[in-house]
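S.K.: This is the structure I have questions about; it appears just below.
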Amino acid sequence: MHLQQSESAGPGVTPEDTKTKTFRQKSSALPFGQDISLSSISGPTYVTAQTLVQQVAYTLSDKIFSYSPETFDLDTAVKYWQAQKEKNAFGYETGVSYLETRTGAGSIALGYMFSKDFDLKKRHIPQAVIASPFTLNHLRPALDQLSLLYSVANPLVAHVSAADYAGSSATGLITDYVSSLTLADDLGLGLVSSTSAFEIQHMALFATLLSTIIPTIHTYDGISVGRETTRVVDVLDQAGLYNNYKAILEATSGLEKKHSDHEGQAVRLLKVFNDEFGTDYELFEYYGHETPDTVLVVFGTVEASLAAQVAAALVKQGCKVGAINVRVYRPFVEEAFLEALPKSTKYISVLGQVEDASSTLDRAQHSRLYSDVLAAVQFSAIDATTRVSEIKYSREEVWTPSGILDAFRATYLPVEEADQLPSYVDIVDSSTVRQYSFWDLDESPAVNAPVVVGKLFSLDSSTNVLVRTGHDNLVHGGTIRTDLRNSSYAIEASYSVEQADVSFVGDETLLKEFDVLASLKTDSSIIVKLAGLRDEDIEKRLSPTLRKGLFSRDVELFVLDPTLSEAVSADPSLENYLAQLAFLKVARENTFSTDVEKLATLNGGFETINALVGDLQICLREIEVPESWATIESEAESLDIPADINVNSFVSFDRIEPEPPSLLKSWQVVAKGLAFKEAFGTTPALRPDLGIKTAVATVKEHRRLTPESYDRNIFHIEFDLGTSGLKYAIGEALGIHAENDKAEVEEFIKWYGLNADEIVEVPSREDPNVLENRTVYQSLIQNIDIFGKPPKRFYEALSEFADDENERKTLLTLGGPEGAGEFKRRAEVDTVTYADILLEFSSAHPAFHDIVRIVTPMKRREYSIASSQNVTPNSVSLLIVTVNWVDPKGRDRFGQATRYLNGLAVGSPVTVSVKPSVMKLPSKTTAPIIMAGLGTGLAPFRAFVQERAYQKQQGHEIGDLLLYMGSRHQREEYLYGEEWEAYQDAGIITLLGRAFSRDQPQKIYIQDRMRQTLGDIRTAYLKNEGSFYLCGPTWPVPDVTEVLQEAIEVQHASQHGKGGKKVDSRREIETLKEAQRYVLEVY
């Protein structure tokens, strides 16, 4: 295809336009991310809701007090207009104060209005606040004072974008109406909500007018709707805003205003407003069936928009439902609400926002909206049988049509017919609306491609385009999703595209993070950038689940390979234009030629665009989706990945020059990360090197159970949980996050020539992909297993650093198959450590960051918990045997974790975590349990017995407890012996089988004691359906299992006679295992 430069290319295009332009988004709060002049906001135009709010504030205010968080860009248009010295409707430049949110934040605004120097001629001109909900709490004292002095103050309107950060939230960004609702309710402020970009200019104007009566908050969704670029047909320019503002003020300035309460004035104001504009806004607006049974009451932009549309869709399917949008929450005019409520309503459900997820579960907490609706209904003449209920949701909730549908389903009457509601409603007609999704990394050269495409679509005046962008900065350092909707009519869809015609994926790694196919409709297309793809590698690059989804959804697969373009190879920035062309080729092939000319007009550089069109023929190709992709291999697991990004930022992640992992760095670099956590992605944690939830416990008791003269040190250690809140269940294990010996670490640092205080990045103990900052000393104490056992790959890795050729060859041999025998001797006999190897091969002296790379991280060690939290609520106990030996060189060697635990004194802090286990008590307290524990394997059974004793104390009937224990000598290793005997005397333990193997000439093991009491086992295990547990070393498993098989065979023979059919005892054991009645925890 060859581009012809013609007049149709657009105005201002000349043959000299050969250089491409770089399209950059200044802010997602601006239309197509670009600055817009104040004078150009008029008539049919592409805008964002946030831009229109700023236009109203700038036009009708004397001064704007802006408390916009830096990345929110709530005032970005205002800044541009101020720089352009634009004037407001009163003939002068609007004053703008850019302020920080902190204690006393409202004092400047209050002081300005009541200062001695204030021009009293401006007393009637409104003052405006632009803020996020977080600011409102800091404005409370000033607003409280203003309310008392309002009769002599300027009108004040606060435009609040209901978006905020919540550090404790999993979503990061939250939609917060609670702050506005609370403040308006507490201080008697006006509160108005907008439902879409199409009405937000009107509502911002209405709120400004209402502020002449009471201080007023105008709130709107700031995460999605406020930032979507869309076409609004009837936008008022500055003159139109001012003329209507004056006309409505004049019409409401009579005696009625002076002699009526706020409710009456609000009603009259809205009536005059509707008369002036020819609109039909109501304080409470009903949508839905004429005679509904169920009505959902909502407040908020997305909530109101979706509730109205979902209700309309359900009514078309015969459902008698409706929704009421609370447009003006304060003043709350009860008569207006009751008038909006259809007389047929039997069930009212209030969709009420509360602070957080815990509040949704607290029956004592209710939303503000619910309290108002309940009061209005209860003190009215409405039928007493009309029920009012509440569906609470937290500020983290992201509403979609499916979510609103679930709300209707939860409130639908009659209840038995609720399941008859459709499982899905598509409020966007996919037959008339074309929908597209773009997924990319925000560092991609093509990241701005979708916005340029949206701008291109907007050049057609017969269509309406909606562009929405979201950032998830926690995936791959910054992921961006942009959705486009294109239709011949206005589109109101405040949620992500769910039925895309075409999706573009700019980085293949995103296919592993998100279920991109979930937002594609059947018989659609997907374009995936796969650089350097070979045909034979296509199945390796796409997961089995994705391949199956492509086939089952009948999705056409296109691959874009920019590396095949000579132009892109020479200038990678041109990939942006190649991506735009590829999308247009797939999405709008019929209009491709025209679109290319328009694209060249937007981007400039006709020759470049023309060359890329030629390259597109080899860079973009369709891949056949074979029928074989419909089958997933049995071993391929289906991953549970999200279908959408989690919008947690309004901007791309601001990267700094990355340092190579594990490099030593100065303390100043780390200090920046701690001081500016959000920018540097720093997450404070109790132990940041751990990817699991940890707590700090304190040693409460450390008691040796074996004599000092005995060669085995077995000890009981108990930890005080303090205020950690740590919870554990019966049978679970306690993870000990041990530390290396400090003296040995200091010796290694000195010998190796390290600076103990230097900062280094080291991998987490639990997840090597997670890096954290520590000093060299800290990392050797807690992170790097420098005294652990090195695997073969360490020898091979170390060989790369050896300067001596003989040492290099020896290391390579030890790391290869020919050195297997010597490696085994070193590992099992000499028990060498990483530090030993570094000392032995002195010519191999890797830098510390290389040591971090080639030495494995330390792991937590887990030990069965020997206590029940019902018995010891604030402590946890372990039973430990110290692991120690002497190597062939006469050196004392120790197990790292047991040595650490044995060295802890009472009062020492320890980092711990809890790990689930297979050792669980039967759900029925009457079910017998048979326990076999060897040595420290008795630990979980101490917890079992304690729990059964607690259950009996609580009045429960408990089943038989058979405890078999094994050790070498009763005098030295009768672990917890006195406790067992006390529990037996109390009737908790039914049978105590003690096997001390070396206390008599003939060795007696645990299986022997079990065989001696086979009748008791048959009764408890088989007749009364008990459960068997074994904990300890693996060696007795076959013998113990053989005893259980004997019990099964004897029991079967007693029931069926010796001549009966033989039972397969092995199969019976497997059946018991599946029923979790045969449980092993061995090591």
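S.K.: For the stretch 963-972, in order, what is each residue's ³J(HN,Hα) by Karplus, 6.51 cos²θ - 1.76 cosθ + 1.60 with θ = phi - 60°, in whole Hz (x at glycine and Pro)?
M.R.: Karplus-based 3J(HN,Hα) across the stretch 963-972 equals 10, 10, 10, x, 7, 7, 10, 5, 5, 9 Hz.
S.K.: Given contacts defined as C-alpha pairs under 8 Å and at least six residues apart, what's the relative contact order of the stretch 848-920, whole-number percent?
M.R.: Relative contact order for the stretch 848-920 comes out at 18 percent.
S.K.: Shifting gears a bit: Please list the non-local residues whose amide H lies under 5 Å from the amide H of Arg330, H modeled 1.01 Å from N, same-chain partners needing a gap of 5 or more.
M.R.: Sorted by chain and number, the residues that satisfy this are Leu191.
S.K.: Still on this model: Measuring with a 1.4 Å probe in the full set of protein chains, what accessible area per residue, in whole Å², belongs to the chain? List each step's numbers first, then the result.
M.R.: Numbers: 48160 Å² over 1083 residues.
For the chain, the solvent-accessible area averages 44 Å² per residue.
S.K.: Another question, if that's okay. Quick query: amide H of Gly604 versus all other amide H atoms, modeled in the peptide plane; which residues come in under 5 Å with a sequence gap of 5 or more or a different chain?
M.R.: For Gly604, the qualifying residues are Lys21.
S.K.: Still on this structure: Determine ³J(HN,Hα), in whole Hz, for all residues of the stretch 204-216 in sequence, where each value follows from phi through the Karplus function 6.51 cos²θ - 1.76 cosθ + 1.60 and θ = phi - 60°; x replaces Gly and Pro.
M.R.: For the stretch 204-216, the Karplus-derived couplings read 5, 5, 4, 5, 5, 5, 5, 5, 6, 9, 9, x, 10 Hz, x marking Gly and Pro.
S.K.: What is the sum of charges around Glu93, taking Lys and Arg as +1, Asp and Glu as -1, for the other residues whose C-beta is under 11 Å from the C-beta of Glu93?
M.R.: Overall, the nearby charge balance is +1.
S.K.: Roll a 1.4 angstrom probe over the protein heavy atoms and tell me the percent of accessible area of the chain that is carbon or sulfur. Don't skip to the end; give the middle numbers.
M.R.: Details: 23700 of 48160 Å².
It is 49 percent, rounded to a whole number.
S.K.: Reachable lysines from Lys540, Cα under 16 Å, same-chain residues fewer than 8 places away excluded?
M.R.: Within the straight-line limit of under 16 Å, Lys540 reaches these lysines: Lys512, Lys529, Lys548.
S.K.: A follow-up question, please. Provide the per-residue ³J(HN,Hα) series for the stretch 455-470, in order, calculated from phi with Karplus coefficients 6.51, -1.76, 1.60 and θ = phi - 60°, each as a whole number of Hz, with x at glycine and proline positions.
M.R.: Result, rounded to whole Hz: 4, 4, 4, 5, 5, 8, 5, 8, 10, 10, 10, 10, 10, 10, 10, x.
S.K.: Remind me, relative contact order of the stretch 929-1082 in percent, using alpha carbon pairs under 8 angstrom and six or more residues apart?
M.R.: On the way: 214 pairs, mean separation 39.4, N = 154.
Reported as a whole number, the value is 26 percent.
S.K.: Angle, helix 368-378 long axis vs. longest principal axis of the chain, Cα atoms, 0 to 90°, nearest 10?
M.R.: 70
S.K.: Per-residue ellipticity at 222 nm for the chain, helices alone: DSSP H runs ≥ 4 residues times -39500 (n - 2.57), over residue total, nearest 500 deg cm²/dmol?
M.R.: Value at 222 nm, helices only, nearest 500: -9500 deg cm²/dmol.
S.K.: Just order 847-855, 948-956, 307-315 by mean Cβ neighbour count inside 10 Å, highest at the front, would you? Could the numbers behind the result be given before it?
M.R.: On the way: 847-855: 19.4, 948-956: 14.8, 307-315: 22.8.
With the highest mean Cβ count within 10 Å placed first, the list reads 307-315, 847-855, 948-956.
S.K.: What is the stretch 434-629 by shape, rounded, prolate or oblate, if you read a ≥ b ≥ c off the alpha carbon gyration tensor as root eigenvalues and call it rounded for a/c under 1.5, prolate for a/b larger than b/c, and oblate otherwise?
M.R.: rounded
S.K.: Only loop residues by DSSP count here, and only those with at most 12 other Cβ atoms within 10 Å; note down the GluC sites (Glu not before Pro) in the stretch 255-341 that meet that.
M.R.: Those satisfying the criteria are Glu290.
S.K.: I would also like to ask the following. List the residues whose amide H sits under 5 Å from the amide H of Ala932, counting only those 5 or more places along or on another chain, with H placed 1.01 Å from N in the peptide plane.
M.R.: Tyr964, Tyr1029, Leu1030, Cys1031
S.K.: By how many degrees, 0 to 90 and rounded to 10, does the Cα axis of helix 401-411 deviate from the longest principal axis of the chain?
M.R.: 80
S.K.: Hey, what did the chain get for relative contact order, percent, Cα under 8 Å, at least 6 apart?
M.R.: Numbers: 2059 pairs, mean separation 84.0, N = 1083.
Worked out over the chain, it gives 8 percent.
S.K.: Follow-up. For the stretch 66-172, just say rounded, prolate or oblate: build the C-alpha gyration tensor, square-root its eigenvalues into a ≥ b ≥ c, call rounded for a/c under 1.5, and beyond that prolate if a/b exceeds b/c, oblate if not.
M.R.: Cα axes put the stretch 66-172 in the oblate bin.
S.K.: If you work out Kirkwood radius over Cα pairs in Å from the coordinates, which of (i) 41.1; (ii) 31.4; (iii) 35.0 do you get?
M.R.: Working out Kirkwood radius over Cα pairs in Å from the coordinates points to (iii).
The values are calculated or read from the model by the stated rules, or taken from the named source; none is laboratory data. Values in this document were obtained by computation on a predicted structure and should not be read as measured data. Every residue, glycine among them, receives a Cβ derived from its backbone with ideal geometry; neighbour counts consider all protein chains shown. Please note that ligands, DNA and RNA were not included when accessible areas were found on the heavy atoms of the full protein model with its side chains. Shrake-Rupley method; radii C 1.70, N 1.55, O 1.52, S 1.80 Å.
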